[in-house]
Amino acid sequence: MKVAFISGTSIVNSDLFAKWEVKTIHTPHGDVTYKTKGDFVLINRHGYGFPLPPHSINYRANIRALAELGCKDIVSLNSVGSLKKDLPPGTFVSCSDYVGLQQGPATFYDDELKGGAPGIANNLIPLLLEKLAPEFKIHPGKVYVQMRGPRFETKAEIRIVQSWGDVIGMTACHEADLCTEAGLNYNSLALIDNYANGLEGTEIDFAKFKDLVKENQAKVNRLFVRMLEILA
């Protein structure tokens, strides 16, 4: 089974993939650098050079590259903020639906009167939830709210969207849409790195966010070790 992982800063900060082979593939939407070992493929959604902010990521190139590499099942790990008091930082979730109203979806249908039905396949999630337990408790069935970025949301914006879903981020909706269009199975995992701006009295800025991501790095490393074992 050829499985691809999509992640971000968490894999840049990890030495787990340091010895994986680095390759580049050309797609109609741009070149994509990826890492590979055996039947596994790994993409940093922000790129391996100067990291692109969420609104500038070449989502179409990333997903097209995975399709052309023969990957059918995609496991995505996203860093998210919590919109719920009972989902504190450090919690793992899996999202089964999403809201992406602020920015038009990335699509492969530029020249066709056609659109894919949105969704998250999560075909590997039952296996991962079973095998990762009890070491990892992952809360399934959550709703992801996507905002454009690169800035974080204002407190007023959080108050508006808090009832829309459980977690908030800037990347997963585009990836899920494109995977559906390309016939790939998108599997959602997300680590909550912070409460959303204003929730539980918190203040959020980029410097604090990077510190929170670093604090959760050991959890991410261990999660990847276990997933590689389970999906081998």
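Brief remarks follow.
- If you go through the stretch 125-145 and pick out every residue that is within 20 Å of Asp86 (Cα to Cα) and either in contact (Cβ under 8 Å) with a residue 24 or more places away in the chain or of a type in the set (Lys, Arg) (or both), you end up with 12.
Results for (1) outside any strand (DSSP E or B); (2) surrounded by fewer than 22 Cβ atoms within 10 Å (Cβ to Cβ); (3) of a type in the set (Phe, Trp, Tyr); (4) within 16 Å of the chain's Cα centre (by Cα), shown as yes or no for each residue.
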| site | (1), (2), (3), (4) |
| --- | --- |
| Ile11 | yes, no, no, yes |
| Leu16 | yes, yes, no, no |
| Val22 | no, yes, no, no |
| Val32 | no, no, no, no |
| Gly70 | yes, yes, no, no |
| Ser76 | no, no, no, yes |
| Val80 | no, no, no, yes |
| Lys84 | yes, yes, no, no |
| Leu87 | yes, yes, no, no |
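- Restricting Ser82, Ser10, Ser14, Ser94 to those that are within 20 Å of Leu189 (Cα to Cα), of a type outside the set (A, V, I, L, M, F, W, C), in contact with a helix residue (DSSP H, G or I) (Cβ under 6 Å, 6 or more places away or on another chain) and at pLDDT 95 or above reduces the list to Ser94.
- Residues in the stretch 21-41 that are more than 14 Å from Ile63 (Cβ to Cβ) and aliphatic (A, V, I, L, M): Val22 alone.
- Test: residue in the stretch 66-85 that is within 30 Å of Gly198 (Cα to Cα) and of a type in the set (Asp, Glu): no
- Residues satisfying the stated conditions in the stretch 179-232, i.e. among the β-branched types (Val, Ile, Thr) and either at pLDDT below 95 or under 17 Å from the mean Cα position of the chain (by Cα) (or both): Thr180, Ile192, Thr202, Ile204, Val213, Val220
- Taken as a whole, the condition of being surrounded by 22 or more Cβ atoms within 10 Å (Cβ to Cβ), modelled with pLDDT of 95 or more and either on the phi < 0 side of the Ramachandran plot or of a type in the set (Asp, Glu) (or both) applies to Ala4.
- Here Ile63 passes the criteria (1) modelled with pLDDT under 95; (2) not in a strand (DSSP E or B) except the one numbered (1).
- Of residues in the stretch 34-57 being among the β-branched types (Val, Ile, Thr) and closer than 20 Å to Gly149 by Cβ, the one surrounded by the most Cβ atoms within 10 Å (Cβ to Cβ): Ile43
- When Glu200 is tested against the conditions (1) touching a residue at least 12 places away in the same chain (Cβ under 8 Å); (2) at negative phi, the lone failure is (2).
The values are calculated or read from the model by the stated rules, or taken from the named source; none is laboratory data. Remember, it's a predicted structure, so these values are computed and weren't measured experimentally. Glycine also receives a Cβ, built like all others from the backbone with ideal geometry; neighbour counts cover every protein chain displayed.
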